[in-house]
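Here is the structure we will look at, set down as structure tokens.
The values are calculated or read from the model by the stated rules, or taken from the named source; none is laboratory data. Only a predicted model underlies this, so the values are computations on that prediction, with no experimental measurement involved. Every residue, glycine as well, gets a Cβ built from its backbone with ideal geometry; the counts of neighbours run over all protein chains shown. Quick note on the areas: whole protein, heavy atoms, side chains included, nothing else; ligands and nucleic acids left out. Shrake-Rupley method; radii C 1.70, N 1.55, O 1.52, S 1.80 Å.
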Amino acid sequence: MTAKNALLFFLAVFGILFVGLDAYLPAMGITGLTGAMAAIGGAMLIVFLLLVLGVGFVLRMAYIVVTIALVGFAAAALLAGDFVMGAIYAAVAFVLLALIPKVFLSKK
């Protein structure tokens, strides 16, 4: 096993373990690390994905996650009666949704 493969293996395995154990920590009585373990594991998985799949893949996935979050924020704001913020979130989400063909389907 090369050093690069060992690093990738370490990042993937411990990233998954940290994220998975974060959900079980409160049941074990450890509440001080809740959230920190998932953040560290998530960062390790992001570095793993960057090294394996490249920066373009990670940026495209972040684009999708941000778009999903904006749609959720818009729905929550509109249901709560905050129409101004709901309209702003909806407008930004609409623009991001309209740009999907340009970002994902264009020939490079």
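So, in the range 96-107, exactly how many residues are under 20 Å from the mean Cα position of the chain (by Cα) and open to solvent by 50 Å² or more (accessible area, probe 1.4 Å)?
Qualifying residue count, the range 96-107: 4.
Could you run through the range 66-94 and say how many residues are open to solvent by 90 Å² or more (accessible area, probe 1.4 Å) and of a type in the set (Val, Ile, Thr)?
Residues in the range 66-94 being open to solvent by 90 Å² or more (accessible area, probe 1.4 Å) and of a type in the set (Val, Ile, Thr): 2 in total.
Do we have Ala90 as within 30 Å of Asn5 (Cα to Cα) and without any contact (Cβ under 8 Å) to a residue 24 or more places away in the chain here?
It is false that Ala90 is within 30 Å of Asn5 (Cα to Cα) and without any contact (Cβ under 8 Å) to a residue 24 or more places away in the chain.
In the range 4-50, which residues are open to solvent by 80 Å² or more (accessible area, probe 1.4 Å), part of a loop (DSSP other than H, G, I, E, B) and closer than 23 Å to Met61 by Cβ?
Ala23 - this is the single residue of the range 4-50 that is open to solvent by 80 Å² or more (accessible area, probe 1.4 Å), part of a loop (DSSP other than H, G, I, E, B) and closer than 23 Å to Met61 by Cβ.
Which of the residues spanning the range 56-100 are assigned to a helix (DSSP H, G or I) and acidic (Asp, Glu)?
Once the filter is applied, which keeps residues that are assigned to a helix (DSSP H, G or I) and acidic (Asp, Glu), the range 56-100 yields nothing.
Out of the range 53-65, which residues are over 13 Å from the mean Cα position of the chain (by Cα) and surrounded by 12 or more Cβ atoms within 10 Å (Cβ to Cβ)?
Selection gives Leu53 alone.
Which of (1) farther than 30 Å from Met44 by Cα; (2) free of Cβ contacts under 8 Å to residues at least 12 places away in the same chain does Leu99 not meet, given it meets every other one?
(1)
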